[in-house]
Amino acid sequence: MGKGMRAGKRPKKSGGGNMQQQMQQMQAMQRQMDEVQAQIDEMEASATSGGGAVSVTVNGKKELKEIRIEPDVVDPEDVEMLQDLILTATNEALRQMEEISQAEMSKFTAGLGIPGL
């Protein structure tokens, strides 16, 4: 037996190259995911309520970009209806953006086989 070797012990194999390759792959995947997220952030989704009386646009960051209200729907006696129309349109636009975001990310994560992604 060689110096420092004990019976039944095997010399350690250096797995550093494989680990380094995995790290590079993970970094490349992270860059790709960042690119996809940047593209999603630039996307927009719009929704309407009240037959088009209220229109809302959100971006991929889930920020409101625009709210349009038809003048004839503004009734000082019925502010609650206007509030409901705005909420409905906003929630629908956000839901649409979430679907878009998930669809774009699933294109990227589909082949990874990672649960929850």
### Message
Can you compute 3J(HN,Hα) from phi for each residue in the range 42-47, using the Karplus curve 6.51 cos²θ - 1.76 cosθ + 1.60 with θ = phi - 60°, rounded to whole Hz and x for Gly and Pro?
### Response
7, 6, 9, 9, 10, 8
### Task
Normalising by the residue count of the range 35-96, find the relative contact order in percent from Cα pairs under 8 Å and 6+ residues apart.
34
### Task
Mind checking which aspartates and glutamates have their Cα closer than 20 Å to the Cα of Lys61? Skip sequence neighbours fewer than 8 apart in that chain.
Asp34, Glu35, Asp41, Glu42, Glu44, Glu92, Glu98, Glu99, Glu104
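So what's the range 35-96 giving for Rg/Rh, alpha carbon basis, Kirkwood Rh from the mean inverse pair distance? Working shown, then result.
Values: Rg = 13.0 Å, Rh = 12.0 Å.
Value, to two decimals: 1.08.
Laboratory data are not the source of any read-out in this text; all were calculated from the coordinates shown. On a predicted model such as this, the values are computed, not experimentally measured, just so you know.
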